[in-house]
1. Can you compute the modelled spin-label distance between residue 248 and residue 83, with each label point 7 Å from Cα toward Cβ, in nm?
2. Of the candidates 113, 155, 249, which one comes out as most mobile in a Gaussian network treatment of the chain with C-alpha springs shorter than 10 Å?
3. If you take the beta carbon distance between residue 196 and residue 276 as r and set R0 to 22 Å, what does 1/(1 + (r/R0)^6) give as a FRET efficiency, to the nearest 0.05?
4. Identify the residues of the range 205-246 with backbone N under 18 Å of a label point that sits 7 angstrom from the Cα of residue 93 along the Cα-to-Cβ direction, or state none.
5. If we count every other residue with Cβ under 9 angstrom of residue 34's Cβ, Lys/Arg +1 and Asp/Glu -1, where does the sum land?
6. What shape does the range 193-275 take by its C-alpha gyration tensor, where a ≥ b ≥ c are the square roots of the eigenvalues and a/c under 1.5 counts as rounded, a/b above b/c as prolate, and the rest as oblate?
7. Determine which aspartates and glutamates satisfy two conditions relative to residue 264: a Cα distance under 15 Å, and not lying fewer than 8 residues away in the same chain.
8. Kindly provide the helix-only [θ] at 222 nm of the chain, computed as the sum of -39,500 (n - 2.57) over DSSP H runs of four or more divided by all residues, to the nearest 500 deg cm²/dmol?
Amino acid sequence: MKTYDVAIIGAGPAGMTAAIYACRAGKSTALFEKNFPGGQMVNAHIIDNYPAESEIGGFDLAQKMFEQVSAAGAEFINEEVTAVKSGDIVEITTARGVYTAKAAVIAAGTVRSRLNIPGEDRLDGRGVSWCATCDGALYRGKDVAIAGGGNSAVSEAIYLAALCKSVHIIHRRGEYRAESSLVQKLRSLPNIVEHLGCVPVEIVGKDKVEGVILDKNGEKFTLPVDGFFVAIGGKPDQKLIAGAEKDASGYVKTDGEMRTSLPKIFAAGDNISKEVRQIVTACADGAIAALSASKLD
Ligand SMILES: Cc1cc2nc3c(=O)[nH]c(=O)nc-3n(C[C@H](O)[C@H](O)[C@H](O)COP(=O)(O)OP(=O)(O)OC[C@H]3O[C@@H](n4cnc5c(N)ncnc54)[C@H](O)[C@@H]3O)c2cc1C
């Protein structure tokens with residue numbers, strides 16, 4: 001089997017940008033993806049903060065990036081990577097076998113976190129969801145709740161408000177972490193109901209979601225809803241970055257050239273330790289990681 005110059009794990013904006021830059025540096029490039037290309041971008045209904053695109057659907061932006069990746073000449077390998085092993089030659093394991101590369105860029109984003117409350121597992125797929133753009137249409141004209149206070153939760157609540165009768169947004173803090181422009185948009189919508197300083201403690205329903213029990217300063221009450229969305233952020237998949245130095249929250253530490261603590265392994269995008277997790281920052285990380293990886297022989 002051929003040894004690639006650069007192997008990239010994850011075809012979100014970080015991985016796709018890395019692929020474009022590695023190909024342009026003249027490197028043979030493999031881009032591994034377990035789903036379809038786009039990453040979390042495809043969950044964004046509208047993106048209005050990516051330069052030169054004043055308003056674009058996340059799916060459309062993902063498709064445009066992937067067309068550029070294909071034109072640049074990257075080899076797209078639609079397989080899930082189960083392990084990346086650092087060494088003189090980097091080994092990338094999938095269910096089909098072991099691929100080799102001179103360097104690897106881990107751009108696998110994050111796995112959505114769970115609330116770990118009663119009812120969440122039992123009603124998963126029966127009213128509990130982690131993706132508003134995937135499942136929102138199932139709740140057209142119905143009442144739903146969404147837990148979270150960051151950009152994803154607020155933008156998903158805005159998306160759901162266009163479909164649902166009412167959208168209850170539940171956030172444990174008194175203020176959102178989301179950008180103020182998103183919060184302004186949220187608050188302009190008539191069918192949004194805010195529950196700040198509230199913690200969801202149980203999702204209830206016999207065979208499907210019928211409500212969620214909230215705790216506000218020790219006082220509990222039930223909110224009757226047909227759907228419950230979890231949007232409380234995520235964590236990197238720890239098995240892919242096993243052995244690399246991480247911060248206290250489990251994100252990979254990188255230096256200015258996107259090097260991890262493991263030789264020949266670079267990382268980029270949402271899975272690294274940083275403040276701003278956005279498409280434009282993921283792309284920037286990917287470009288730097290690919291150029292650093294391309295310098296290795
Ligand atoms: C609802 C929502 C709305 C958003 N809106 C905006 C917005 O308007 N503007 C903005 O800038 N940002 C927005 N974001 C954030 C933005 O999407 C992320 O910051 C960005 O996608 C991170 O890019 P990434 O490439 O690091 O990771 P991801 O986009 O998460 O991509 C990682 C990729 O790696 C793949 N992968 C993971 N593990 C493996 C494996 N083991 N093997 C193979 N492939 C693997 C995944 O399938 C995925 O395709 C939004 C996010 C969400 C959820």
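1. Taking the two extended label points, one gets 3.2 nm.
2. Of the options given, 249 has the highest mean-square fluctuation.
3. 0.40
4. 237-244
5. -3
6. Prolate is the answer for the range 193-275, as a/c is 1.5 or above and a/b outweighs b/c.
7. Output for residue 264: 5, 88, 91, 245, 255, 297.
8. Result for the chain: -6500 deg cm²/dmol, rounded to the nearest 500.
Every read-out reported here was derived from the displayed coordinates using simple, explicitly stated rules and does not represent laboratory data. Note that the coordinates shown come from a computational prediction; the quantities given were computed from them, not determined experimentally. Positions of Cβ are backbone-derived with ideal geometry, glycine not excepted, and every protein chain shown enters the neighbour counts.
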